[in-house]
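Computed from the coordinates by the stated procedures, all read-outs in this text should not be read as laboratory data. These numbers come from a predicted model, not from an experiment.
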Amino acid sequence: MEKLIQEYHQSLKNLKQSDNITKDIFSYKETLLDVAGNKSDIVQTTPGLYSSIYVIEQFTTQLKKESQKVYNLGNGAKFSATIAVNTQEFHPKNKLLGSNDLQKLEKYFHTSSINKLSKNELSKLHIKYNHALNIQNILRGTDIRSFNTIEDYIDFIYTKIIPKEEIASFQLSQILDTYLHYILSYIYDFFNVKESHETQEVHTLIKLLSQELLLISKVYIDSFSDKLTNEV
């Protein structure tokens, strides 16, 4: 899985290359890893929680606006684009909303609210819906027997199903990418246990993974398909 790790999951690459881990002793649940601490230089975590750091940093680095501040009050891992602070020292100077702000906000809602999607919103929703349907169709139409290794299937996913440019633009691609980040840690551990695997095992694993991706896609599609039908 080296190619996948290098290209798509930097955290797994770092985990694999850690000087403190050897193949013979690695355990997903019991191995301890050194990571940068929020209030100390180093703290220890497990591979499972190590994966969570990547997901949290997707929010702190990609969704946070420049005008916003995110404070990390914990004694655990450090997160990018956050400010480490002790709970005793944390005293926000400004309230989020004053009484005048609330009155202005209420007035704005009364004058600007609508009870249905605008044409622009509906158009964007259709684009997301069709993109999700396309993902579902590709997953259903793919013969898992054509893949000899799990690396080949993962490369296929990130090339044909959720390419990098789509992860930045579509919610479903982001959801699938986040799910894969978690599940690939377990898959990596599974393939780390023994040197070789039967083709049957590989195809069974690919089938299970494909079924999960299809289920996530179905839940996403069903979540707003009724809304689209009612708006048309």
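Taking only the Cα atoms of the range 119-232, the radius of gyration and Dmax are 16.0, 56 Å.
Please go through the residue pairs Lys116/Lys218; Lys116/Lys164; Lys78/Lys160; Lys64/Lys124; Lys65/Lys128 and name each one whose alpha carbons sit more than 27 Å apart in this structure. Correct reply: Lys116/Lys164; Lys78/Lys160.
What shape does the range 88-172 have by the C-alpha gyration tensor, where a ≥ b ≥ c are the square roots of the eigenvalues, rounded means a/c under 1.5, and otherwise prolate means a/b greater than b/c and oblate the rest? Before the final figure, lay out each step's value.
Working: a/c = 5.59, a/b = 1.93, b/c = 2.90.
Judged from the Cα gyration tensor, the range 88-172 comes out oblate (a/c at least 1.5, b/c at or above a/b).
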